[in-house]
Ligand code: FPP
Ligand code: MG
């Protein structure tokens, strides 16, 4: 059924009747289509459901195009990013085109669905701004980190579940809780993988987040666990290119203090809660997608 979503996105792009846009879209590496999978699992595969899934994936693709420009990322999913291949201007404009066409199509679905999804896009943008601002500080506040990842990542996954529930006539809030937990756990795992995966698997340099100034959950926990002089050392390494020795120092301290285990457990707890909420509503099929999220290794 995911195929129907791909065809719908292609149809929306073809309707623009622009060869350059069609060819650029084909260059984008396809993601896991997690949001579309979630929508189809909750709401089936009627035309409005497929359209909603297509629109959400177009918005997601647009946000990543912009994010790669903002983050100066040369790669996306282990392939050269669109900004690396064609420059920032092209990447931003393709993002704008996907986003605005998606929004146009969203208006043809239903006012309720449109509200849930458009509100999430505002959250997404606020979250991205917060992520950028926080990167110039050494943030050690877990609550601020959680709020930022909620806005940047969980809001669109939460809205995908909520929109699907609306289309299926299911209780919106319950599904939004499920999506929110999934989204928070997804970003936590993403941030953990930035530390645990080698650069080749990840398609970007090791400890990239910290070098970029991002103090994700493991760094917040590591700081808490360190002695005063070690805390100063960690602070001094923030937002700088790291030597092999400095990378090793961070990684061995993460190991000593079992930081990755602690952060992974936090993500796992959110997933377990999400599964419990769905099980309580007889939606056992939704456990699988939650597990898939926690078990991914890239
Ligand atoms: C990835 O974060 C970024 C996001 C999940 C959201 C980006 C949102 C915007 C740019 C604003 C919305 C814009 C439009 C056009 C809808 P990351 O950098 O932590 O993850 P990564 O490792 O995948 O790059
Ligand atoms: Mg990024």
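The values are calculated or read from the model by the stated rules, or taken from the named source; none is laboratory data. In this text the structure is predicted, and so the values were computed from the model without any measurement. Please note: Cβ atoms are built from the backbone with ideal geometry, for glycine as well, and neighbour counts cover all protein chains shown.
Structure summary
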| read-out | value |
| --- | --- |
| Residue 119 being modelled with pLDDT of 95 or more and surrounded by fewer than 19 Cβ atoms within 10 Å (Cβ to Cβ) | yes |
| Qualifying residue in the range 93-100 (condition: without any contact (Cβ under 8 Å) to a residue 12 or more places away in the chain and either over 16 Å from residue 149 (Cα atoms) or in contact with a strand residue (DSSP E or B) (Cβ under 9 Å, 6 or more places away or on another chain) (or both)) | yes |
| Members of the range 60-104 that are away from ligand 2 (no atom under 16 Å from the Cβ) and within 30 Å of residue 162 (Cα to Cα) | 93, 94, 96, 97, 98, 99, 100, 101, 102, 103, 104 |
| From 154, 111, residue being at pLDDT 95 or above and surrounded by 17 or more Cβ atoms within 10 Å (Cβ to Cβ) | 154 |
| Yes/no for residue 49 being more than 15 Å from the chain's Cα centre (by Cα), crowded, with 21+ Cβ neighbours inside 10 Å and more than 12 Å from residue 101 (Cβ to Cβ) | yes |
| Residue 239 vs. criteria in contact (Cβ under 8 Å) with a residue 40 or more places away in the chain, surrounded by fewer than 16 Cβ atoms within 10 Å (Cβ to Cβ), within 16 Å of ligand 2 (Cβ to nearest atom) and closer than 28 Å to residue 68 by Cα | yes |
| Positions within the range 122-136 being more than 19 Å from residue 61 (Cα to Cα), exposed (fewer than 15 other Cβ atoms within 10 Å of the Cβ) and without any contact (Cβ under 8 Å) to a residue 60 or more places away in the chain, in sequence order | 133 |
| Spans of helices (runs of 4 or more DSSP H) in the range 68-147 with at least 1 residues under 21 Å from residue 176 (Cβ atoms) and away from ligand 1 (no atom under 15 Å from the Cβ) | 111-134 |
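The rows are residues; the columns are (1) farther than 29 Å from residue 112 by Cα; (2) part of a loop (DSSP other than H, G, I, E, B).
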{"site": "4", "(1), (2)": "no, no"}
{"site": "8", "(1), (2)": "no, no"}
{"site": "12", "(1), (2)": "no, no"}
{"site": "21", "(1), (2)": "yes, no"}
{"site": "24", "(1), (2)": "yes, no"}
{"site": "30", "(1), (2)": "no, yes"}
{"site": "35", "(1), (2)": "no, no"}
{"site": "42", "(1), (2)": "no, no"}
